[in-house]
Amino acid sequence: MEDKQRELEGEEKEEEHAKLEIWKYVFGFVEIAVVKCAIELGIADAIESHGSPMTLLELSSALRCDPSPLYRILRVLVHLKIFKEKPATQLGPKVYAQTPLSKRLLKSGENSMAAFILLESSPVMLAPWHGLSARIQGVSNPAFEAVHGEDVWSYAAANPNHSKLINEAMACDARVAVPAVLESCLEVFKGLETIVDVGGGDGTTLRLLVEACPWIRGVNFDLPHVVSVAQECDRIENVGGDMFDCVPKADAAIIMVISIYVILLLNTQGNLTIQI
Ligand SMILES: C[S@@+](CC[C@H](N)C(=O)[O-])C[C@H]1O[C@@H](n2cnc3c(N)ncnc32)[C@H](O)[C@@H]1O
C-alpha cells in the first residue's frame, strides 16, 4: 500500500514538473534570439568601452535605442546570468556589468564567440533544422541541401557574406582551441618542419601555431574561395584546392573540425599515425 502511495506521489510530482518544463520547449528559441540581439546591439562592447558598469540610460544612449525595450532584453540577459545587475544605491541607479560569459559576446577579442553565435543563429543555418524530421524519415536530402539546393561549402562559395561568417566563426573557435592544444601538447610539434592545415579556413590556426613554433612553416589549405580572402602571413602559404583530390605535401597534416584536432604525422613509410 505504501509503495503504491509513493508511486502515485512520484507520478504527481513528475506531472507537476512536466507542466513547467514544457514551457522551456515552447519558448526555447528565446534564449538564442536574445543573445543574438545582445551581440547585434553591441551591449557587451558598449560596457567594455565604457570601462565600468552602465546604467540603463547610459546603455540606451550609447546603443542609440529606446530604454524601454532595451530594459526587457536586459532583464532576460540578467536572468540568464549573461550580464550582472548591480542594485541601485544611494550613490546612483542600478547598473549592468559584464561577466565572463558576456565577454564572450564581444565582437572581437581572444575569447569572443560572437561570430559563431551569429553564424549558427543566421536564417541560412537555422532553416535546415526545420527539416530535421524529414531527414530522419529519409524523405529528404541532407537538411542543408534540402533547403538551399546545394551543400554548405558550395553555398558559401556562391555567397561571400555567408562564407565570411563561417570563416569568422571558425577563427573564434581556433583562438580558443589552439592555445589550449599548444599549452598541453607542444611536444607533438617538435621535429616537424612543415604542417598543412586541411580545411584551415582563414589561417588563424596556423598563424597561432607558427607563432608558438617558430621552426615550423605552414600550408593553409582550403577551398579556393576561402584561401582567396585569407590573410597573408610570414611562413604560411595559402593554397586553394579540394582535399578529396589531393592535399599539399608536408611532414604532418592537421584536420581540425571545431575544437577536435587530429594531427596526422606521416611516418617514414608514408603511413599516417594519429597523434591527437
Ligand atoms: C568546419 S570548418 C573548420 C575550419 C578550421 N579548421 C577550424 O576548425 O577552425 C571546415 C573547413 O573545411 C573547408 N572545406 C570543406 N570542404 C573542403 C574540401 N573539399 N577541400 C578543402 N577544404 C574544404 C571549409 O571551407 C572550411 O573552412
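Every number here is computed from the coordinates shown, using simple stated rules; none is lab data. These numbers were taken from a predicted model, which means no experiment stands behind them. Don't worry about glycine lacking a Cβ; one is built from the backbone with ideal geometry, like all the others, and counts go over all protein chains shown.
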**OP:** Would you kindly calculate the mean projected area, averaged across all directions, of the convex hull enclosing the Cα atoms of the range 70-164, in square nanometres?
**Re:** 8.9 nm²
Original post:
Taking the mean number of other Cβ atoms within 10 Å as a proxy for protection, how do you rank 169-177, 198-206, 81-89 from highest to lowest?
Top reply: 198-206, 169-177, 81-89
**OP:** With the Cα gyration tensor of the range 29-107 in hand, give its eigenvalues times 5 under a square root as the equivalent ellipsoid semi-axes, listed largest first in whole angstrom.
**Re:** 18, 13, 13
Original post:
By the gyration tensor of its Cα atoms, with a ≥ b ≥ c the square roots of the eigenvalues, what is the shape of the range 1-157: rounded for a/c under 1.5, prolate for a/b over b/c, or oblate?
Top reply: oblate
**OP:** Pairs of lysines 8 or more apart, or on different chains, with alpha carbons under 12 Å: count those in the chain, would you?
**Re:** 4
**OP:** Mind jotting down a quarter of the surface of the convex hull over the alpha carbons of the range 64-116, in square nanometres, one decimal?
**Re:** 4.8 nm²
Original post:
Summing +1 for each Lys or Arg and -1 for each Asp or Glu, what net charge is found among the other residues whose Cβ lies under 14 Å from the Cβ of L70?
Top reply: 0
**OP:** Taking H placed 1.01 Å from N in the peptide plane, check which residues at least 5 places from G241 or on another chain put their amide H under 5 Å from its amide H.
**Re:** D222, L223
**OP:** Assign unit charges at the C-beta atoms only (+1 for Lys and Arg, -1 for Asp and Glu), then state the dipole size of the chain relative to its Cα centre in Debye, rounded to the nearest 20.
**Re:** 880 debye
Subject >> Largest-first principal axis extents of the Cα set of the chain (Å) >> reply: 68, 61, 42
**OP:** Taking amide H positions as placed in the peptide plane 1.01 Å from N, state which residues far from F83 in sequence (5 or more) or on other chains have amide H under 5 Å from it.
**Re:** V78
Subject >> Those trypsin sites (Lys or Arg not before Pro) in the range 1-64 that DSSP places in a loop and that have at most 15 other beta carbons within 10 Å >> reply: R64
Subject >> Net charge over other residues, Cβ less than 15 angstrom from the Cβ of K86 (K, R count +1; D, E count -1) >> reply: +2
Original post:
Is it possible to state the helix-based mean residue ellipticity at 222 nm for the chain, with each DSSP H run of 4+ residues giving -39500 (n - 2.57), the sum divided by total residues, to the nearest 500 deg cm²/dmol? What is it?
Top reply: -14500 deg cm²/dmol
Original post:
Quick one: Karplus J couplings for the range 57-66, per residue in order, coefficients 6.51, -1.76, 1.60, θ = phi - 60°, nearest Hz, x for Gly and Pro?
Top reply: 5, 4, 5, 5, 6, 5, 8, 6, 9, 5
**OP:** Return the sequence-ordered ³J(HN,Hα) values of the range 139-156 in whole Hz as given by the Karplus equation 6.51 cos²θ - 1.76 cosθ + 1.60 applied to θ = phi - 60°, using x for Gly and Pro.
**Re:** 9, 9, 5, x, 3, 5, 5, 4, 8, 9, x, 7, 6, 4, 6, 5, 4, 5
**OP:** Taking H placed 1.01 Å from N in the peptide plane, check which residues at least 5 places from R217 or on another chain put their amide H under 5 Å from its amide H.
**Re:** T194, I195
Original post:
Put +1 on the Cβ of each Lys and Arg and -1 on the Cβ of each Asp and Glu in the chain; which of A146, L70, V124 then has its Cα farthest toward the positive end of the dipole?
Top reply: L70
